[in-house]
1. Restricted to region 156-200, and to residues that are polar (S, T, N, Q) and closer than 21 Å to Val71 by Cα, which residue is least open to solvent (accessible area, probe 1.4 Å)?
2. When Val125 is evaluated against the numbered criteria (1) buried (at least 20 other Cβ atoms within 10 Å of the Cβ); (2) over 13 Å from Leu63 (Cβ atoms), which criterion, by number, is the only one it fails?
3. Quick one: how many residues across region 46-87 are part of a loop (DSSP other than H, G, I, E, B) and touching a His at 6+ places or on another chain (Cβ under 8 Å)?
4. Considering only residues of region 66-96 that are within 27 Å of Glu159 (Cβ to Cβ) and open to solvent by 80 Å² or more (accessible area, probe 1.4 Å), which is nearest to the chain's Cα centre (by Cα)?
5. Inside region 108-129, can you point out the residues that are of a type in the set (Asp, Glu) and in contact with a helix residue (DSSP H, G or I) (Cβ under 8 Å, 6 or more places away or on another chain)?
6. Determine whether region 3-24 contains at least one residue that is open to solvent by 60 Å² or more (accessible area, probe 1.4 Å), in a helix (DSSP H, G or I) and at pLDDT 80 or above.
7. Test of understanding: among Phe176, Phe142, which residue is among the aromatic types (Phe, Trp, Tyr), more than 22 Å from Leu94 (Cβ to Cβ) and modelled with pLDDT of 95 or more?
Amino acid sequence: MGGKAMSERPTVWGELPPDGTVLSTAEYLQTAESLRINELIYGKLMVVEESPTFRHQDLLLELAVLMRVFVGQHKLGVVCIAPQDVILDPARALILQPDLLFVSMARRAIISDHIWGAPDLVVEVMSPKPRIGKLEDRIRYFAQYGVKECWLLHQLSREIEVLRLNTYGADTRQTFRGVQKIESDVLPEFGLAPEVLGHW
């Protein structure tokens, strides 16, 4: 698998292990908390050293506020933004941190100190500079473990792409732009149009 196993390195309290360190889920959860995005891809620690851009965070926060207000008013569930560990497979050490996630009220039991299972919906803001790994790999992980929808916010084109997922990946893809209201099976009444977002 490559990388240095945590058991082979001295433990330094308060520090995140370096990128590429091999960890189990339990070891990862014992590392220092960090505001940096870090994920565990089948046991290999992936760390984003650079902070997201202001535009990325501004757009993410705007969508998160709109979604959280809507979800709260209708008592639909929980909305959360990164960095938040989503533990898709504890045994195989697969932990991701999507930009934004929604967990329905019916599945709220997966939330404790972390998210132990697949959210109903995840959102990724597509910055010009990619974050961790390949997008198609992330979509495949989300799909395989039960995420129902993935929304991609394309900053450069100001479009929202809605992916409906099945076990094997994206079942359907729809792109919405301008005044077109997005169509979502997970949040069917949300009806957001890309034009509403002012922080692209």
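1. Among those residues, the one meeting the criterion is Ser184.
2. With (1) buried (at least 20 other Cβ atoms within 10 Å of the Cβ); (2) over 13 Å from Leu63 (Cβ atoms) applied to Val125, the lone miss is (2).
3. Matching residues across region 46-87 total 2.
4. Arg68
5. Once the filter is applied, which keeps residues that are of a type in the set (Asp, Glu) and in contact with a helix residue (DSSP H, G or I) (Cβ under 8 Å, 6 or more places away or on another chain), region 108-129 yields Asp120, Glu124.
6. Checked against the condition, which is being open to solvent by 60 Å² or more (accessible area, probe 1.4 Å), in a helix (DSSP H, G or I) and at pLDDT 80 or above, region 3-24 yields no hits at all.
7. Only one candidate passes the filter, namely Phe176.
Rundown of residues vs (1) touching a residue at least 12 places away in the same chain (Cβ under 8 Å); (2) β-branched (Val, Ile, Thr), yes/no style:
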{"site": "Val71", "(1), (2)": "yes, yes"}
{"site": "Ala93", "(1), (2)": "yes, no"}
{"site": "Leu101", "(1), (2)": "yes, no"}
{"site": "Ser104", "(1), (2)": "yes, no"}
{"site": "Ile110", "(1), (2)": "no, yes"}
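The values are calculated or read from the model by the stated rules, or taken from the named source; none is laboratory data. Predicted model, so just to flag it, every value in this text is computed and none were measured. Using ideal geometry, Cβ is built from the backbone for each residue, glycine included, and neighbour counts are taken over all protein chains shown. These area figures cover heavy atoms from the full protein model, side chains too; ligands, DNA and RNA do not enter into them. Shrake-Rupley method; radii C 1.70, N 1.55, O 1.52, S 1.80 Å.
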